[in-house]
Structure formats: C-alpha cells, structure tokens
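Before any comments, here is the structure.
Each reported figure results from applying straightforward, stated rules to the coordinates on display, with no laboratory input. Quantities reported herein were computed from a predicted structural model and do not represent experimental measurements. Neighbour counts are summed over all protein chains in view; Cβ atoms, including those assigned to glycine, are modelled from backbone coordinates with ideal geometry.
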Amino acid sequence: MTAWAWSALALFAGWAVTAFGIRAAVQARRTGDAGFRGISGRPGSASWWAGILFVLALLGGAAAPIASLAGLPELPGTEALVLRGAGLVITLAGIAATLVAQSAMGASWRVGVDAGERTSLVTSGLFAGVRNPVFTAMTVTATGLALMVPNAVAVLALAALVAAVQMQVRIVEEPYLQAVHGAAYSDYTARAGRFLPGIGRRTA
C-alpha cells in the first residue's frame, strides 16, 4: 500500500500549502495582514490546549503516511481497496471545500483569535447554513486521509483535530463572536448549524 501512503502524503502537503501558505499570502496581498493570530490563552488553559491539539493534528496528518512508509502496520480490517478509494474521494472533496470556505471569508479569514480585533461577520455562501464550514471541511479532509492510510497515527491525528475544533469553536470563537457582534451573531446562530446544516443551532 505504499502508493496510497505517498498519495496521502502528497495530498496532505498540497492541502497544507494551499490552505495555509498560499491562503496567507493572498490574504497579506489583499489586506496587508497574513491573518495568523497564533495560539490564544495562557498555557494550560482550554483555549491554549485547543491550539496545541490543532498543531499536533497537523503534524500527525503528515506523520501518518510517513509512518506507513516506514512500516507501521495498518489497523485490522482496513485492507479493502474500496476504503482507500473512498478516502481519496473524501479527501479531494474536503480540500476543495476548505478552499471554497476560506475564500468565502474574504478579509475576515484568520487562524486564531485576537480578542481586541473586530472582523466582519460572514453569513453568506457556505456560511449561510453552517457557521464553521472551514473546520467542517478540514475534518472531512482529515477523515479522508485517515481512510487512505488507516493506521494508529492517522486515527490519533483525526481525534486530535476533532477535539481541537470543538474546543476552539465552543470555548474561543463563539464567545468572541458573541461579544463582538451581539444580536447579529445570536440571530445567525439561530438559523445556521454549528458544523452541519440544522445541527447545533441555538434556541432562545
């Protein structure tokens, strides 16, 4: 299954370069700001752990195919080629959705949160029905990559990403957006799901 590991590594590298490197360069050219805010919160806090887990998830995404190439065995029952093929399709869909969602954010795109900063509330495009489509798309991508190279490292990386996203959204971003946008954000959360349409909407 070496070809699948090389494919997963190439897709991960392309995704990371486009979603972070190229996206930051485009952001800097358009706004004069690359959009990186780093890890928020004091060391040991929930928001700090969200950032740490996110970094570990990205490192794990690269480490999983490398570990496979180095001989790490895959999980039992994951030998079927249809599983790898599904992973490839899911990965490509996730990469495309990540880029589309990032583009829809326009000047509001950020990695991390600066509590003293005010950005526009994006509620159109993919954001019309889902409040966090970038994170949803990233999780889809990570799931696809884990199916392409189904070993323990991939599973741990996916778990770290899911935990990081949940913590970042619930503990860091939602309180920040509520404080900045007030009633407009409350109205938005009542009609748009958190990660999927219709799921996680806030009720009065």
The helix 2-16 Cα axis meets the longest alpha-carbon principal axis of the chain at an angle in degrees, between 0 and 90 and rounded to 10, of 20 degrees
Ordered by fewest other Cβ atoms within 10 Å, a rough proxy for footprinting exposure, Val100, Val149, Val122 read Val100, Val122, Val149
Longest principal axis of the chain (C-alpha) makes with the long axis of helix 81-105 (C-alpha) an angle, in degrees to the nearest 10, of 20 degrees
With +1 on the Cβ of every Lys and Arg and -1 on the Cβ of every Asp and Glu, the dipole magnitude of the stretch 139-204 about its Cα centre, in debye rounded to the nearest 20, is 160 debye
Computed for the chain: size of charge dipole around the Cα centre, +1 on C-beta of each Lys and Arg, -1 on C-beta of each Asp and Glu, debye to nearest 20, value 440 debye
For the stretch 2-191, the charge dipole (Cβ of Lys, Arg +1; Cβ of Asp, Glu -1; about the Cα centre) points to a positive end, and the Cα of Val169, Leu53, Thr119 closest to that extreme belongs to Thr119
Largest fluctuation, Ala190, Ala57, Ala67 only, Gaussian network model of the chain with Cα springs under 10 angstrom, belongs to Ala190
With 0.36 nm assigned to each residue of separation and the Cα-Cα distance removed, Thr203 to Ala107 gains 31.6 nm
Summed over the other residues with a beta carbon less than 13 angstrom from that of Gly129, with K and R at +1 and D and E at -1, the charge totals +4
Between (1) -0.51, -0.57, -0.61, -1.22; (2) -0.28, -0.36, -0.44, -1.28; (3) -0.35, -0.43, -0.52, -1.19, the structure-derived log10 I(q)/I(0) by the Debye sum over Cα atoms at q = 0.08, 0.09, 0.10, 0.18 Å⁻¹ is (2)
Over the chain, the sum of -39500 (n - 2.57) across DSSP H runs of at least four, divided by residue number and rounded to 500 deg cm²/dmol, gives at 222 nm -19500 deg cm²/dmol
